[in-house]
Amino acid sequence: MAALIDTAYAKTNRKRQPRASKSANRQLPKIDKIVGARSYIDAFDKLGIVSVTTLDGQIIHVNDEFMRISKYSRDELVGQTHRIVNSGFHRRAFFKGMHEKISKGEPWRAPIKNRARDGSFYWVDALVVPLKDRRGKNTAYLSFQFEITKAVETHIELQERTATLQGVMESFPGGISVFDRNLRLILCNDKVKNLVGYPDDLFSNGLPTFEQIVRSNAKRGEYGPGDIEALVAERMQRAAQAVPHQLERRRPNGTYLEIRGTPLTGGGFVTTYVDITERKKDQDTIARLAHHDALTGLPNRVLFQDRIRHALARVRRGDTLALHCLDLDRFKSVNDTLGHPVGDALLKAVAGRLQNVVRESDTVARLGGDEFAIIQVGPQSPADIEAVAKRVIAALAQPFKLGENIISIGTSIGITIAPDDGDNADQLMKNADLALYRTKSAGRGAFGYFEQELQSRQAQRHEIATGLQEALETDGFELHYQPTVNVQTRRVVGCEALIRWSHPQRGLVPASEFIPIAEEAGLINKIGDWVLKRACRDAKRWPENVWVAVNISAAQLRGHDLVDKVSDALGDMPASRLMLEITESLLVQDKETAKTVMDRLRAIGVRFALDDFGTGFSSLSYLQVFPFDKIKIDRSFMAPIGDQKRSAALRRAIVQLGHTLEMTTVAEGVETEEQFAQLANEGCVEAQGYLFSRPVPEIVVSNFFERKL
Ligand code: C2E
Ligand code: MG
Ligand code: MG
């Protein structure tokens, strides 16, 4: 039996080997001999676990409950000490503390973890009371215990859970706080204090209540300006509603918090705080990028249209609005000649100047390329609008100094006004564009208003483009020829092919009325192909010394297949009999390509005439760079209007230039004998004009070859 007890004891207490109980055999005092013991035992017997030990700890009595819980029999317990149920859980000092207390005659109470005979553990709430004799001397100890295993386990589990919860809360990337149903803070992690900027004294009396926190926040300006009581009340009300909420708060220090409140089922709520300052910055950048032009920082088309819509909403309430659309004169050539970095710098500088000449309430936007626009809100009179347009023109007329380069550009402006010209953004933009287009074609560096008639002209253009498309499909074009004569002999040296559109209602339409539209509508390539083919076909029937001239548009020159098309059209006709006429304004646009294509055509023998010389940029350098054989002096130099002397002087200069550069000079638009006499006098080589013949059908022109005109 003793061995059995020893083993059991050894199991429960790993630290100390029990001494084999000598006292087990000793005569133990009888319970009834101990004063008061019996009455205690009887009183407590049915209430819990009862035991009585001698002063040196030997068990002399256990009740049934003790045995039931410890799973030892009475025989196994009596004579042993309580160490038999020692679980090893408590430190030695724990029991020492007890001994000190009870040996002094005082009761001792503590929860104890014990170990039953089968190795299972149980917790008791133990009260040890010294039993005393009449003189007050300790005679024995009575231990009365309640089993509290369940409660302790629950408590431990709860503690563990709380610890886990705290761990979770600390590992949460943001701040977190938990409020109970009475709106008291019961848990929070450390981060919350930094994120929300709680002052230390808020926590000096333990965890604060929700109201204390809110009040402190309101005072520190966390909720922005406003009446403290109102700010607090608003938040108290929201907390009481127990609905989930999410909000972004900009703190006084500029950081942003995302705050989510989630109600808990039993009342109270959890609030989380995440610092979203970086995310906000990114969002701002993205929003900026989406709505602003990256190069100039100005609003882009998207934001611009949005602003127009806003401004239009005000127009509907009686306000006014002017829309200025502008594009830069000569920007493309700056970009082409000085390169994109200079072009970019120029656009930035332009943006800066534009912003300086408008009011803060107006919007300057970059719509793309060299297109800018201004929304002028609330102009009171046309004078207000013109003032802005003039300021813009003046600002951009000033040369720009960009690094080494001094650049002069300039701008043209188209203006449209709401509500007069339109009440929606698209309409206004379209109208301003139309006005701009017209202003530009009238000359640069000016502004012009949209007029209703412009719009009908636009409609007309559309109609013409449709008609041209149809003419292409139904062989609706004719080619007329205007002879060119040698000034000395007045005999035909060549004919210029001029296209006519035989319109079902309008009859023969001259080229000047539809070629620009065909160019704009992208039909010129097809039309040009037809002209080339037809002109070469006709010329083959003519004497070999008569050339044919064909007018070429920019788009044709840009298409690299022009060389093949010309070869095709020529067939077996010598290339030298074909003259291609190009106006100089066309060369400005894409010099590189133009030069390449012209060089290749010239290599096969095709000749070139510079048409309408003197009207466009008249840069002499073109004559040097491009392989021209002929200069056609624009007919405006022939016209009997303007300064006659000046015209004559210019004509002579051009003729002289032709001599020097070994180019033939041709006078266009010769209408009278008088003009002709003058030309002959000035040394012009060839002449063309109504004096000799209007453009006529091929069948007519072929009659001119044999005689003087
Ligand atoms: P351009 O090449 O300068 O053609 C001369 C224009 O002046 C022709 O007008 C002609 O009819 C007109 N003209 C000729 N002699 C006189 C005159 O003595 N007095 C006056 N007042 N005018 C005269 P048209 O046929 O209307 O052609 C206008 C422009 O259209 C041409 O100017 C040319 O640039 C272009 N064009 C004509 N045909 C074609 C073509 O087949 N293809 C292309 N791409 N353009 C063409
Ligand atoms: Mg011509
Ligand atoms: Mg011409």
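Name the single residue that is nearest to ligand 3 (Cβ to nearest atom) among those in the stretch 663-684 being acidic (Asp, Glu) and out of contact with any Phe, Trp or Tyr (no Cβ under 9 Å at 6 or more places or on another chain). Step by step, filter the stretch 663-684, then rank; the result is 682. Filtering the stretch 238-276 to residues that are closer than 15 Å to residue 210 by Cβ, hydrophobic (A, V, I, L, M, F, W, C) and touching a residue at least 60 places away in the same chain (Cβ under 8 Å) leaves 239, 264, 269, 270. When 547, 542 are screened for being closer than 30 Å to residue 676 by Cα, more than 16 Å from ligand 2 (Cβ to nearest atom) and aromatic (Phe, Trp, Tyr), only 542 passes.
Filtering the stretch 639-653 for residues that are in the same structural domain as residue 546 (by TED's automatic domain parsing), at pLDDT below 90 and closer than 30 Å to residue 477 by Cα leaves a non-empty set. Taking the criterion of being farther than 24 Å from residue 341 by Cα and of a type in the set (Val, Ile, Thr), the residues of the stretch 371-428 that qualify are 374, 375, 377, 385, 388, 413, 415, 416, 417. Would you mind finding the one in 497, 575 that is in contact (Cβ under 8 Å) with a residue 24 or more places away in the chain and within 12 Å of ligand 1 (Cβ to nearest atom)? The match here is 497.
This table checks each residue for (1) without any contact (Cβ under 8 Å) to a residue 12 or more places away in the chain; (2) under 25 Å from residue 665 (Cα atoms).
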position: 539; (1), (2): no, yes
position: 545; (1), (2): no, yes
position: 551; (1), (2): no, yes
position: 559; (1), (2): no, no
position: 564; (1), (2): yes, no
position: 582; (1), (2): no, yes
position: 591; (1), (2): no, yes
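Beta carbons closer than 7 Å, at least 6 apart along the sequence or on distinct chains, pair a first residue in the stretch 650-671 that is touching a residue at least 60 places away in the same chain (Cβ under 8 Å) with a second that is among the charged types (D, E, K, R) and within 14 Å of ligand 3 (Cβ to nearest atom) for 666/630; 666/632; 666/686.
Is at least one residue of the stretch 309-323 assigned to a helix (DSSP H, G or I) and farther than 27 Å from residue 417 by Cβ? No, because not a single residue in the stretch 309-323 is assigned to a helix (DSSP H, G or I) and farther than 27 Å from residue 417 by Cβ. Given the condition out of contact with any helix residue (DSSP H, G or I) (no Cβ under 6 Å at 6 or more places or on another chain), open to solvent by 80 Å² or more (accessible area, probe 1.4 Å) and under 24 Å from residue 62 (Cα atoms), answer yes or no: does some residue in the stretch 149-172 qualify? Yes, the stretch 149-172 has at least one match.
Within the stretch 509-555, the set of residues being touching an Asp or Glu at 6+ places or on another chain (Cβ under 7 Å) and either over 24 Å from residue 568 (Cβ atoms) or away from ligand 3 (no atom under 16 Å from the Cβ) (or both) comprises 538, 555.
Conditions tested, residue by residue: (1) under 30 Å from residue 254 (Cβ atoms); (2) at pLDDT below 90.
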{"site": "136", "(1), (2)": "no, yes"}
{"site": "184", "(1), (2)": "no, no"}
{"site": "190", "(1), (2)": "yes, yes"}
{"site": "209", "(1), (2)": "yes, no"}
{"site": "216", "(1), (2)": "yes, no"}
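Could you list all residues from the stretch 665-682 that are open to solvent by 30 Å² or more (accessible area, probe 1.4 Å) and either outside any loop (DSSP other than H, G, I, E, B) or in contact with a Lys or Arg (Cβ under 8 Å, 6 or more places away or on another chain) (or both)? Correct list: 673, 674, 677, 678, 680, 681. Got at least one residue in the stretch 614-623 being in the same structural domain as residue 481 (by TED's automatic domain parsing) and closer than 27 Å to residue 574 by Cβ? Yes, the conditions are met somewhere in the stretch 614-623.
Being over 29 Å from residue 441 (Cβ atoms), of a type outside the set (S, T, N, Q), part of a helix (DSSP H, G or I) and touching a residue at least 60 places away in the same chain (Cβ under 8 Å): is that true of residue 303 here? So residue 303 fits the description; yes. For the stretch 466-492, a residue qualifies if it is of a type in the set (Lys, Arg) and assigned to a strand (DSSP E or B), and exactly one does: 491.
Among the residues of the stretch 631-684, those that are among the small types (Gly, Ala, Ser) and away from ligand 1 (no atom under 14 Å from the Cβ) comprise 642, 647, 648, 649, 653, 658, 677, 680, 683.
Within the stretch 648-662, the set of residues being within 16 Å of ligand 3 (Cβ to nearest atom) and open to solvent by less than 20 Å² (accessible area, probe 1.4 Å) comprises 651, 654, 658. Determine, yes or no, whether residue 601 is touching a residue at least 24 places away in the same chain (Cβ under 8 Å), outside the structural domain of residue 441 (by TED's automatic domain parsing) and away from ligand 1 (no atom under 16 Å from the Cβ). Against the criterion (touching a residue at least 24 places away in the same chain (Cβ under 8 Å), outside the structural domain of residue 441 (by TED's automatic domain parsing) and away from ligand 1 (no atom under 16 Å from the Cβ)), residue 601 does not qualify. For the stretch 428-466, the set of residues classified as buried (at least 16 other Cβ atoms within 10 Å of the Cβ), at pLDDT 85 or above and more than 23 Å from residue 390 (Cα to Cα) consists of 464, 465, listed by residue number. Just so you know, in the stretch 212-245 the residues that are within 16 Å of residue 202 (Cβ to Cβ) and polar (S, T, N, Q) include one that is nearest to the chain's Cα centre (by Cα), and it is 217. Restricting attention to the stretch 402-427, the residues being under 18 Å from residue 384 (Cα atoms), open to solvent by 40 Å² or more (accessible area, probe 1.4 Å) and in contact with a Leu (Cβ under 9 Å, 6 or more places away or on another chain) number 1.
Condition check ((1) open to solvent by 20 Å² or more (accessible area, probe 1.4 Å); (2) out of contact with any Leu (no Cβ under 9 Å at 6 or more places or on another chain); (3) under 29 Å from residue 441 (Cα atoms); (4) assigned by TED's automatic domain parsing to the domain that holds residue 545) across all residues:
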position: 478; (1), (2), (3), (4): yes, no, yes, yes
position: 482; (1), (2), (3), (4): no, no, yes, yes
position: 486; (1), (2), (3), (4): yes, yes, no, yes
position: 489; (1), (2), (3), (4): yes, yes, no, yes
position: 496; (1), (2), (3), (4): no, yes, yes, yes
position: 500; (1), (2), (3), (4): yes, no, yes, yes
position: 506; (1), (2), (3), (4): yes, yes, yes, yes
position: 527; (1), (2), (3), (4): no, no, yes, yes
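The values are calculated or read from the model by the stated rules, or taken from the named source; none is laboratory data. As the structure is a prediction and not an experimental result, all values here were calculated from the model. Cβ atoms come from the backbone with ideal geometry, glycine included; neighbour counts cover every protein chain shown. We work out accessible area using only protein heavy atoms, side chains counted, and drop any ligands, DNA or RNA first. Shrake-Rupley method; radii C 1.70, N 1.55, O 1.52, S 1.80 Å.
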